[in-house]
1. Filter the range 58-102 for residues that are out of contact with any Lys or Arg (no Cβ under 9 Å at 6 or more places or on another chain) and small (Gly, Ala, Ser); which is modelled with the lowest pLDDT?
2. Any idea which residue in the range 287-339 is surrounded by the most Cβ atoms within 10 Å (Cβ to Cβ), counting only those that are in a loop (DSSP other than H, G, I, E, B) and β-branched (Val, Ile, Thr)?
3. Please state which of the following conditions Arg89 fails to meet, knowing it meets all the rest: (1) basic (Lys, Arg); (2) buried (at least 17 other Cβ atoms within 10 Å of the Cβ); (3) within 21 Å of the chain's Cα centre (by Cα).
4. If we scan the range 62-69, do we find a residue that is under 21 Å from Gly106 (Cα atoms), surrounded by fewer than 22 Cβ atoms within 10 Å (Cβ to Cβ) and among the basic types (Lys, Arg)?
5. For the range 356-417, please list each of the strands (runs of 3 or more DSSP E) lying entirely inside it that holds at least 1 residues being surrounded by fewer than 24 Cβ atoms within 10 Å (Cβ to Cβ) and small (Gly, Ala, Ser).
6. Looking only at the range 4-21, count every residue that is closer than 30 Å to Pro286 by Cβ and either among the aromatic types (Phe, Trp, Tyr) or not in a loop (DSSP other than H, G, I, E, B) (or both) and tell me the total.
Amino acid sequence: MGQIIIDGGARLQGTVTVGGAKNAALKEMVAAILVPGRHQLNNVPDIADVALMGELLSHIGCRLQREGTTLWIVSPERLNPEAPLELVRKMRASIVVLGPLLARCGEARVALPGGDDLGARPIDMHLEGLQQMGASFRLSHGVLEGEALNGLTGAEIELSFPSVGATENLMLAGVAAKGETIIVNAAREPEIVDLARHLNAMGASVTGEGTPMLHVTGTPNLSPAEHTVIPDRLEAGTYAIAGAITGGDVTVTGCSPTLLRMELSKLEDAGCQVRKGEDWLRIEGPERPQPIDFVTLPYPGFHTDLHPQMVALLTVASGTSIVTENLYDSRFRYVGELARMGADISIESQHAVIRGKPELSGCPVLAPDIRAGAALVLAGLRAEGTTVVGDVHHIDRGYNGLVDKLRAMGAAIARSD
């Protein structure tokens, strides 16, 4: 499964450039399902999840070609409206093929999704919204079979929670449906805004992106388009916290600091010096961070996918911090691994109390998911001695060249596969 070996204690210094946003690129790849022809995406990250989505699109009938960070997807006239278990179980984002397949083909067979084991993440809102648009579903042997033989029709859909995945699925379905779809309590994430820009470049009419009410008007004359994926704010945030936890001086380029307002504010509260420009940010970390409290919330709140990295930082703070996780009920699965490194963390319900200690100590740990894996690597950068992070295939799903980028800034880090 691969290992990352870290000899802790090095202070990171230097510049690192981030790639395109995983959570935008995956959904924009799916947009190719909507219309035949040759689609072009730029700034696509070279990560395992992109490769998995490429396998899924190939199974559906698309042809893919990649050169550097540019990806071309050729969507055929006839699709195979099926997403099999062996592909879907590896990546939860694959559920977003459901809406566009129903819209274009009138049918879809999608295995129930997998991905990171972060607890119960039901797809009820996806299904209820599509049902309001005229789809029907039945579950047979673990496969969700959907039909919309007369096509999908626009509807006003109110989400009980601003779910990113449900918002994306309904947007993708709505641009190929008849009439207008209104999504109330829509997710506001930057990746939603970027998907809307991509769909509009294809000839769709999506308005209200970045607000709680999205208007999607179906159009029959969509066409392939060229689109550049936004920078990955989670990768940028991870390297910013890497600079902070090592007391380093790290400049992150190719990013959008405005998309990390809450996270950068919390780093300032922790004692970091933060400077930023239009497409860069610079973090100078303290010798030891100050304790802080934070709560994960939908955008523009603190992103749950930067929660584990920030907890790693707080394990060496000069006091007690409290973190509240509001989105995923199993997000704290990594805490036992940090405890093996000497962290003092207690969990009660969705709250974590982190009592900062002067140092962590390196030891073997296992990455349970993408962001927790990154957090364990960051903890290893600060720990005394050697940390060996196993199951790094999880990290590969969201980070390209993590080891090389950290080593270039002075980390004593290597990978063994």
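1. Only one residue tops the list, namely Ser94.
2. First, pick out the residues of the range 287-339 that are in a loop (DSSP other than H, G, I, E, B): 287-293, 297-301, 303, 315-319, 325-330.
Right, trim to β-branched (Val, Ile, Thr) and you get 292, 315-316.
Working: Ile292: 21, Thr315: 28, Val316: 22.
The residue in question is Thr315.
3. Among (1) basic (Lys, Arg); (2) buried (at least 17 other Cβ atoms within 10 Å of the Cβ); (3) within 21 Å of the chain's Cα centre (by Cα), the lone unmet condition for Arg89 is (2).
4. The answer is no, given that none of the residues of the range 62-69 is under 21 Å from Gly106 (Cα atoms), surrounded by fewer than 22 Cβ atoms within 10 Å (Cβ to Cβ) and among the basic types (Lys, Arg).
5. Numbers: elements: 364-366, 386-390, 412-416.
Those strands (runs of 3 or more DSSP E) span 386-390, 412-416.
6. Going through the range 4-21, the residues closer than 30 Å to Pro286 by Cβ turn out to be 4-19, 21.
Adding the requirement that they be either among the aromatic types (Phe, Trp, Tyr) or not in a loop (DSSP other than H, G, I, E, B) (or both) leaves 4-7, 13-17.
Looking only at that region, the number is 9.
Condition check ((1) aliphatic (A, V, I, L, M); (2) in contact with a helix residue (DSSP H, G or I) (Cβ under 8 Å, 6 or more places away or on another chain); (3) under 26 Å from Val323 (Cα atoms)) across all residues:
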{"residue": "Thr219", "(1), (2), (3)": "no, no, no"}
{"residue": "Ser223", "(1), (2), (3)": "no, no, no"}
{"residue": "Thr246", "(1), (2), (3)": "no, yes, yes"}
{"residue": "Leu259", "(1), (2), (3)": "yes, yes, yes"}
{"residue": "Glu263", "(1), (2), (3)": "no, yes, yes"}
{"residue": "Arg288", "(1), (2), (3)": "no, no, yes"}
{"residue": "Val295", "(1), (2), (3)": "yes, no, yes"}
{"residue": "His307", "(1), (2), (3)": "no, yes, yes"}
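Rundown of residues vs (1) buried (at least 23 other Cβ atoms within 10 Å of the Cβ); (2) in the same structural domain as Ala93 (by TED's automatic domain parsing); (3) farther than 19 Å from Asn326 by Cβ; (4) modelled with pLDDT of 95 or more, yes/no style:
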| site | (1), (2), (3), (4) |
| --- | --- |
| Thr167 | yes, yes, no, yes |
| Met171 | yes, yes, yes, yes |
| Gly174 | yes, yes, yes, yes |
| Glu180 | no, yes, yes, yes |
| Ala186 | yes, yes, no, yes |
| Arg197 | no, yes, yes, yes |
| Gly210 | no, yes, yes, yes |
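The values are calculated or read from the model by the stated rules, or taken from the named source; none is laboratory data. Because the structure is a prediction, the values reported are computed rather than measured. Quick reminder, even Gly has a Cβ in these numbers, built from the backbone with ideal geometry, and neighbours come from all protein chains shown.
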